[in-house]
Amino acid sequence: MKIIVPMAGRGSRLRPHTLTVPKPLIPIAGKPIVQRLVEDITKVAGEKIDEIAFIIGDFGAEVEASLIQIAESLGAKGTVYTQDEPLGTAHAIKCAEQSMQGNVVVAFADTLFKADFKLDKNSDGVIWVKKVEDPSAFGVVKLDDYGFITDFVEKPKTFVSDLAIIGIYYFNSAEKLMSEINYIMDNGIKQGGEYQLTTALENLRQKGAKFSLGKVDDWMDCGNKNATVDTNGKVLEYERENVSQFPASAKIDNCMIIPPCFIGENVEISNSKIGPRVSIGNNTKIINSNIDNSLIQENTMIDHGNLSNSMIGNSAEYYGVAREISLGDFSVLDFLSNHKNL
């Protein structure tokens, strides 16, 4: 089996944090989103993963190398393809056509999930969904009385279903899917100005393909700052036991740490209250602060931070007392005047 991961978008709704780092590489509880995604799929797939193919934008050689390393850490071949322009979900998969062979899981690197699912090998594919309050922003599915999908609708303007496609799919024949993707692209069939995967799925269904429904226990979005901070907290709760042991290189002095928290290597924390639901990246220093429900990345300095529901990027500096902030990589926000002597 292969895993195909489209991840070319820069994540504009998560700016400023995606100005220097692609969204799928933002760390959640110490691991990049895309790494957690493929690890979770590998755990529940039920068979060996031979290849993981990543479809990226112009992210650079360092990102490509890190993705290859993620695949190889799971015993799979890593392959990287480039999507030069955002022409839709079907076009993204088209970019990885050379790897679209046999049975595949296609997983868009926008979300994380919590599930214990089995792949239904008796159907032509499985589409994972989650019931949502407002389905107008998603692709949705309609079902028959036997639980098979009868219709795929992309971002319906009027209500047709509240079962939103979360962006994880299983296909027992990648070749059949590619045939439909090639058809809609060759004939310029677009929705909303883009080539949509749901169009190809609907064509397959009309030709007799049977798609069954997969459900997840939790669907965790990483689309914007608030959603990403919330997802970080949920993952910490799920992995409470795994993150309870801090590395020996961390220096924690006169602090209260309220679990669950992730603390990276060479972190220094003093005279502070941290947690619950806080992630702190490697080489970050925090003093005289009170922080909960926040995501703080690597090589960052925080002094007198009274923070909640906040996200601070890499190599940033924060001196002040605000309750909620979103501070990007290499940024400095200073409400104090005495830090220069620290």
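Tabulated data
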read-out: Heavy-atom accessible surface of the stretch 2-223: percent carbon and sulfur, 1.4 Å; value: 46
read-out: Residues with amide H under 5 Å from that of PHE54, placed H, sequence gap 5 or more; value: VAL5, THR79, VAL80, TYR81
read-out: Acute angle (nearest 10 degrees) that the helix 225-238 long axis makes with the longest principal axis of the chain, alpha-carbon atoms; value: 90
read-out: R0 of 41 Å, Cβ-Cβ distance SER179-SER249: FRET efficiency to nearest 0.05; value: 0.20
read-out: Nearby lysines by direct alpha-carbon distance to LYS131 (threshold 23 angstrom, same-chain neighbours under 8 apart not counted); value: LYS114, LYS118, LYS142, LYS155, LYS157, LYS210, LYS215, LYS225, LYS234
read-out: Protection proxy ranking, peptides 46-53, 174-181, 246-253, average beta carbon neighbours within 10 Å, highest first; value: 174-181, 46-53, 246-253
read-out: Rounded if a/c under 1.5, otherwise prolate or oblate - the stretch 101-222, Cα gyration tensor axes; value: rounded
read-out: The chain, relative contact order in percent, only Cα pairs under 8 angstrom and at least six apart counted; value: 14
read-out: Projected label distance in nm at ILE189 and SER270, using a 7 Å step from Cα toward the beta-carbon; value: 6.6
read-out: Rounded tilt (10° steps) of 33-45 against the dominant C-alpha axis of the chain; value: 50
read-out: Degrees between helix 61-73 axis and first principal axis of the chain (Cα, 0 to 90, nearest 10); value: 70
read-out: For the stretch 248-260, 3J(HN,Hα) per residue [Karplus equation, 6.51 cos²θ - 1.76 cosθ + 1.60, θ = phi - 60°, Hz, x = Gly/Pro]; value: 5, 6, 6, 10, 10, 10, 6, 10, 10, 10, 9, x, x
read-out: Among the listed pairs LYS23/LYS43; LYS43/LYS251; LYS130/LYS273; LYS31/LYS130, those beyond 31 Å (Cα-Cα); value: LYS43/LYS251; LYS130/LYS273
read-out: The chain, accessible area per residue, ligands and nucleic acids excluded (1.4 Å, Å²); value: 45
read-out: Tensor-based shape of the stretch 2-223 (alpha-carbon gyration tensor, a/c under 1.5 rounded, otherwise prolate or oblate); value: rounded
read-out: Rounded to the nearest 20 debye, dipole of the stretch 2-223 from Cβ charges on Lys, Arg, Asp, Glu; value: 240
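The values are calculated or read from the model by the stated rules, or taken from the named source; none is laboratory data. No experiment lies behind these values; they were computed from the predicted model shown. Virtual Cβ from ideal backbone geometry, glycine too; neighbours counted across all protein chains shown. Protein only, heavy atoms only, side chains kept; ligands, DNA and RNA dropped before computing areas. Shrake-Rupley method; radii C 1.70, N 1.55, O 1.52, S 1.80 Å.
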